[in-house]
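What follows is a set of notes on a single structure, which appears directly below.
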Amino acid sequence: MPGWSEVSFERHSFWVTARATVSNTLRNDDRLGEVWELQVEESIAENRAMETQLMIPGSGHLLQRSRLTSGKNTRLKEYDYAADMLVRIRREPDSSQDSPPARWPVSSRRDIPYPAFEAGLVLTSMPALLLVAGTAVEKPGHAATVYVHGDLNFYRVRLGVVGEEQVEVDYVLAGGQQRIQGERTAIVVNLQVDPVGTRQDDPEFNLLGLGGQVSILLDKQSRLPLQVRGRAPRIGETSISLVAADPRPPAREQLP
């Protein structure tokens with residue numbers, strides 16, 4: 001498990017504020033057994049998205065995802081990562097009924113075959129790259145490679161350490177009980193993103209709303225993700241910074 005259970009980021013641009021919160025925990029699922037659950041909440045202006053991802057503990061290999069968006073486009077997308085293909089179901093609200101999203105009528109279903117994946121690499125999600133970045137720092141040679149899935153497309157992502165730099169931070173820990181301000185030494189992890197398979201529709205790779213050349217900056221000591229850099233639509237090169245974090249306490253040593 002990573003050294004944090006929840007991190008929150010914000011980016012202010014003119015009259016718009018973008019926010020993103022990512023949390024992770026281990027839990028038991030009635031059908032899948034023990035799973036690693038990633039919860040992602042994102043908002044920008046009036047548009048909001050809530051996503052739940054179930055993955056294999058340790059590897060982060062995707063098992064299931066659901067993404068509920070509201071605002072300009074309200075819909076629920078469900079993804080089931082079977083062994084031989086990906087099943088993608090989209091649901092949209094029925095104005096004549098007041099029902100929960102999981103019971104909205106199905107507006108489309110697609111069976112998407114997997115492209116040819118390199119043996120030994122896992123298929124994970126874009127938000128999970130915040131966790132994979134920590135693995136890249138710890139690996140010999142300072143690199144890690146995974147596949148990620150967006151909506152219709154797949155990508156091969158190599159995360160490599162390219163150096164260190166000083167970063168100004170301002171965030172709170174554990175519900176605002178402690179505020180961290182000033183300069184921190186950050187390890188810069190660059191993402192090399194390459195499409196895999198036949199492209200479907202427009203490319204949708206992004207991390208917390210940022211695409212292009214994406215970098216993750218990790219605190220050298222705590223490994224907290226301090227900042228994500230990339231390109232935002234209609235803004236250009238920008239960053240989204242850590243504003244709150246809930247570190248996970250170290251596991252207790254087993255008594256003899």
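Below is a table of values for the structure above.
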| item | result |
| --- | --- |
| Hydrodynamic radius of the chain per Kirkwood, over alpha carbon pairs, in Å | 19.3 Å |
| Check: the range 21-154 dipole with +1 on Lys, Arg Cβ and -1 on Asp, Glu Cβ, in debye | 280 debye |
| Positive-end residue of GLN178, ALA49, THR124, charge dipole of the chain with Cβ unit charges | ALA49 |
| Probe 1.4 Å, accessible area per residue of the range 46-192, Å² | 52 Å² |
| Size of electric dipole in the chain: Cβ of Lys, Arg +1 and of Asp, Glu -1, about Cα centre, debye, nearest 20 | 240 debye |
| Apportionment of accessible area to carbon and sulfur, the chain, percent (1.4 Å) | 47 percent |
| Neighbour net charge for ILE187 - beta-carbon separation under 11 angstrom, K R +1, D E -1 | -1 |
| Student exercise, the range 87-231 dipole from Lys, Arg, Asp, Glu Cβ charges, in Debye to nearest 20 | 260 debye |
| Calculated FRET value between SER95 and ASP30, using beta carbons and R₀ = 30 Å, to 0.05 | 0.40 |
| Local net charge near PHE205, Cβ-Cβ under 12 Å (Lys/Arg +1, Asp/Glu -1) | -1 |
| Positive-end extreme of charge dipole, the chain - chosen from ALA83, VAL161, VAL228 (charges on Cβ) | ALA83 |
| Rounded tilt (10° steps) of 129-138 against the dominant C-alpha axis of the chain | 40 degrees |
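The values are calculated or read from the model by the stated rules, or taken from the named source; none is laboratory data. This structure is a prediction, so every number in the text was calculated from the model and none was measured. Note that we place each Cβ from the backbone using ideal geometry, even for glycine, and neighbour counts take in every protein chain shown. Just so you know, the surface numbers come from the protein's heavy atoms only, side chains and all, with ligands and any DNA or RNA stripped out. Shrake-Rupley method; radii C 1.70, N 1.55, O 1.52, S 1.80 Å.
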